[in-house]
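Rule-based calculations on the coordinates, nothing more; no lab input. If you're wondering where the values come from, they're calculated on a predicted model, not measured in any experiment. Methodologically, a virtual Cβ is constructed for each residue, glycine included, from the backbone with ideal geometry; neighbour enumeration extends over all protein chains shown.
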Amino acid sequence: MTGPLLSLHDATVRYAVPGGWRARSIAALAPTTLDVHQGELLAIVGESGSGKSTLGRAMLRLLPVAGGKVTFDGTDITGLGRAALSALRPRMQMIFQDPYSSLNPNKTVGRALTEVLAHVGVPRAERRERAETLLAQVGLDAQACARLPRAFSGGQRQRIAIARALATDPDLIVADEPVSALDVSVQAQVVNLLLDLKAQRGLTMVFISHDLGLVTAIAQRVCVMYFGRIVEIGLADKIAARPAHPYTAMLNDSVPQPDVVAARATVAAASRAGVADLPSLLNPPTGCAFRSRCPQATGICAQQEPGLVPHAGGGLVACHHPLA
């Protein structure tokens with residue numbers, strides 16, 4: 001891998017909170033510093049509400065960045081105007097989670113693709129052939145061009161969304177939980193398709209998921225998020241084998257196992273554990289946000305928020321009492 005294609009430096013995203021007599025906002029993404037290297041597959045993983053989708057959208061400036069900066073291929077895109085940002089958009093694309101809502105139900109697949117091709121300057125005479133080539137690359141035949149999205153299954157729609165993202169010949173793709181809305185039987189097919197396309201095209205890819213078992217199998221590096229913050233970053237194989245943060249270890253332990261006895265033991269242990277208070281973005285806790293759920297927590301965890309620092313395993317961890 002060479003230098004970073006995309007960099008965030010103390011990037012922050014805030015959401016307005018409606019109601020009340022005064023304006024309020026929450027920090028959906030705390031100040032975050034992260035590099036995405038040319039040609040790598042970086043996974044972002046965490047529970048629902050951890051901020052991983054917000055981070056993915058901030059990377060592409062699909063959300064306003066309240067603080068810090070985002071740099072793409074050496075260009076600071078944090079404050080770019082609409083025209084300048086539009087010129088960069090073809091190089092960075094997103095695949096959304098829901099294949100049913102990400103496609104216009106009133107446009108044929110062919111039109112959805114040719115409009116994108118027109119936007120990036122492909123001559124009219126070449127657009128239909130290019131659209132059919134894109135569909136072939138994702139495993140669909142040319143007849144799909146004449147049909148509306150409702151004629152396709154969820155897995156096929158996601159393949160169409162992938163073809164649309166590829167139409168601009170991007171350098172970077174952010175895939176936001178691209179298989180979570182699909183049947184289990186087709187999830188592996190779509191993941192393998194993305195991996196094949198990444199290899200064939202030399203893409204840089206950010207893969208967002210809640211499934212730590214999946215991402216440690218496909219990614220080079222894994223970024224673990226909790227409460228709008230990165231709590232651990234490291235090589236995928238090392239995070240799978242020896243997680244350094246207690247939250248990462250909890251995610252690891254929650255991965256379903258084919259061993260029925262082990263699965264029952266996990267369920268039994270979960271039922272015996274007390275229900276921890278989850279932190280609120282409206283009233284953030286002091287110190288470490290994970291401390292109410294953490295078996296390692298001590299007094300310092302309530303007083304001081306841990307910073308993201310190197311640890312013995314070779315990655316970065318935000319924990320006063322790392323496991324490895």
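Neighbour counting of Cβ atoms within 10 Å sorts the residues 119, 210, fewest neighbours leading, into 119, 210. Can you give the Rg/Rh ratio of segment 157-241, where Rg is from the C-alpha atoms and Rh is the Kirkwood radius? Ratio of gyration radius to Kirkwood radius: 0.97. Rounded to a whole number, what is D in µm²/s for segment 1-96 from Stokes-Einstein with the Kirkwood radius over alpha-carbon pairs (25 °C, 0.890 mPa s)? In µm²/s, the coefficient rounds to 171. Comparing Cα centroids, segment 39-109 and segment 155-187 end up 14 angstrom apart. Residues with beta-carbon under 13 Å from that of residue 143, excluding residue 143: net charge, scoring Lys, Arg +1 and Asp, Glu -1? Counting the neighbours of residue 143, the net charge comes to 0. Please label the shape of segment 130-201 as rounded, prolate or oblate, based on the square roots a ≥ b ≥ c of the eigenvalues of the alpha-carbon gyration tensor (a/c under 1.5 means rounded; beyond that, a/b larger than b/c means prolate, else oblate). Here segment 130-201 falls in the oblate category. According to the calculation over all Cα-Cα pairs in the chain, the P(r) per 10 Å bin from zero is 5, 23, 32, 24, 12, 3, 0 %. Along the axis of the charge dipole computed for segment 108-238 (Cβ charges of +1 for Lys and Arg, -1 for Asp and Glu, origin at the Cα centre), the listed residues 217, 231, 179 are led at the positive end by 179. Counting only Cβ charges, +1 for Lys and Arg and -1 for Asp and Glu, the dipole size of the chain around its Cα centre is about 820 debye. Per-residue Cβ neighbour counts within 10 Å put 52, 238 in the sequence 238, 52, beginning with the fewest. Going by the alpha-carbon gyration tensor, a ≥ b ≥ c the square roots of its eigenvalues, is segment 36-191 rounded (a/c under 1.5) or, if a/c is not under 1.5, prolate (a/b greater than b/c) versus oblate? Oblate, since a/c reaches 1.5 and b/c is not below a/b. Site pair residue 185 and residue 305 shows an inter-label distance of 4.7 nm when each label is modelled 7 Å from Cα along Cα→Cβ.
Among beta bridges from DSSP that stay inside the chain, the antiparallel ones total about 60%. Taking 20 Å as the cut-off, the amide N atoms of segment 161-192 that come nearer than this to a point 7 Å along the Cα-to-beta-carbon line of residue 89 belong to 161-176.
Leaving out same-chain residues fewer than 8 places away, which lysines sit with a Cα under 28 Å from that of residue 52? Those lysines meeting the cut-off are 69, 198, 238.
Computed over the Cα atoms of segment 16-69, pair by distinct pair, the Kirkwood hydrodynamic radius stands at 13.2 angstrom. With neighbour counts taken as other beta-carbon atoms within 10 Å, the residues 227, 207 rank, fewest first, as 227, 207. Projecting the Cα atoms of 95, 118, 18 onto the dipole axis of segment 1-123, where Lys and Arg carry +1 and Asp and Glu carry -1 at the beta carbon, places 18 farthest toward the positive end.
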